[in-house]
Amino acid sequence: MTSDDAAPNRDAYHHGDLRNALVAASAELAETGGPDAVTVRAAARAVGVTATAAYRHFAGRDELIAAAKTQALASLFGSMQTFLKSLAPQEDPVQDAVAQMYAIGQGYVRFALAERGLFRTAFYGDEQVVTEAKELSGGDSAFEMLSRSLDDLVAVGFMDPRDRPEAEVAAWSMVHGLAMLMIDGPLRGLAEPARAVLIHRTLAASLRGFADGPNAEPVRSTDPHVTGEPLR
């Protein structure tokens with residue numbers, strides 16, 4: 001018997017729970033050592049089961065990483081959805097669309113800061129796991145949520161429809177770049193509330209870049225989600 005097979009906790013998990021526990025353990029391993037630290041044996045040790053038990057769920061590291069990526073993308077979507085659902089509807093449809101775009105950006109960056117291991121894992125490697133992640137998220141994805149929000153900005157006249165093609169990349173680049181600077185770059189030591197100020201101003205700058213539609217004013221000049229002034 002190897003050390004990996006010693007003292008297994010055979011009754012610790014009901015059917016199906018072990019797979020989820022191994023995925024969660026993989027995110028924790030990525031948190032401390034990066035995605036490269038994720039292996040089936042390491043995840044099994046972290047959970048307290050034998051490697052043999054873990055290999056019943058994952059044939060190898062690639063499968064485990066793919067499962068962790070799937071969970072990470074679904075969790076990212078969940079964070080964006082939570083911020084979106086927390087909004088109170090506004091009477092002005094332009095302000096409402098702007099607030100929704102701002103909220104999903106907040107959900108993206110705040111997920112990265114709160115779940116750094118999952119966030120890093122979500123974008124690790126080249127595996128295509130969007131379909132599986134959408135299934136966990138109820139048939140939707142973070143990218144599709146962003147696309148709908150941009151469509152809404154056009155529909156209410158905040159954004160010029162000529163600027164709509166590929167606008168997802170511009171918006172995504174802003175929030176993803178900021179998230180990476182804050183978790184792995186020179187802004188990683190920044191504390192609240194300075195961090196909150198930078199997130200707010202970055203999201204506002206992104207929205208100003210889209211504010212070229214026929215109904216952009218007066219929201220562009222007065223709404224703190226766009227001007228970058230402190231939110232009330």
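The values are calculated or read from the model by the stated rules, or taken from the named source; none is laboratory data. In this text the structure is predicted, and so the values were computed from the model without any measurement. Here the Cβ positions follow ideal geometry from the backbone for every residue, glycine too, while neighbour counts run over all protein chains shown. Surface accessibility is based on the protein's heavy atoms, side chains included, excluding ligands, DNA and RNA. Shrake-Rupley method; radii C 1.70, N 1.55, O 1.52, S 1.80 Å.
Assorted remarks:
- Leading residue by the ranking (farthest from residue 106 (Cα to Cα)) among those in region 150-160 that are in a helix (DSSP H, G or I) and open to solvent by 10 Å² or more (accessible area, probe 1.4 Å): 155
- Single residue of region 138-149 satisfying the filter (assigned to a helix (DSSP H, G or I) and without any contact (Cβ under 8 Å) to a residue 12 or more places away in the chain) that is farthest from residue 113 (Cα to Cα): 148
- As a summary of the residue check, residue 187 satisfies the conditions (1) modelled with pLDDT of 95 or more; (2) farther than 22 Å from residue 117 by Cβ; (3) in contact with a helix residue (DSSP H, G or I) (Cβ under 8 Å, 6 or more places away or on another chain); (4) not basic (Lys, Arg) except for the one numbered (2).
- In region 203-218, the qualifying residues are those that are surrounded by fewer than 19 Cβ atoms within 10 Å (Cβ to Cβ) and of a type outside the set (A, V, I, L, M), and the one that is nearest to residue 93 (Cα to Cα) is 215.
- Residue within region 66-74 that is modelled with pLDDT of 90 or more and surrounded by fewer than 20 Cβ atoms within 10 Å (Cβ to Cβ) present: no
- Sole residue being among the small types (Gly, Ala, Ser), touching a helix residue (DSSP H, G or I) at 6+ places or on another chain (Cβ under 7 Å) and within 24 Å of residue 94 (Cα to Cα), chosen from 155, 179, 167: 167
- Against the numbered list (1) at pLDDT below 90; (2) touching a Ser or Thr at 6+ places or on another chain (Cβ under 7 Å); (3) crowded, with 18+ Cβ neighbours inside 10 Å, residue 104 comes up short only at (1).
- Per-region count, region 33-54, residues farther than 20 Å from residue 122 by Cα and not in a helix (DSSP H, G or I): 3
- Residue list for region 33-50, filter: within 25 Å of the chain's Cα centre (by Cα) and open to solvent by 30 Å² or more (accessible area, probe 1.4 Å): 33, 36, 37, 39, 46
- Residue identified as of a type outside the set (S, T, N, Q), over 26 Å from the mean Cα position of the chain (by Cα), modelled with pLDDT of 90 or more and surrounded by fewer than 19 Cβ atoms within 10 Å (Cβ to Cβ) among 5, 92: 92
- Test: residue in region 107-116 that is surrounded by fewer than 18 Cβ atoms within 10 Å (Cβ to Cβ), of a type outside the set (Val, Ile, Thr), part of a helix (DSSP H, G or I) and modelled with pLDDT under 90: no
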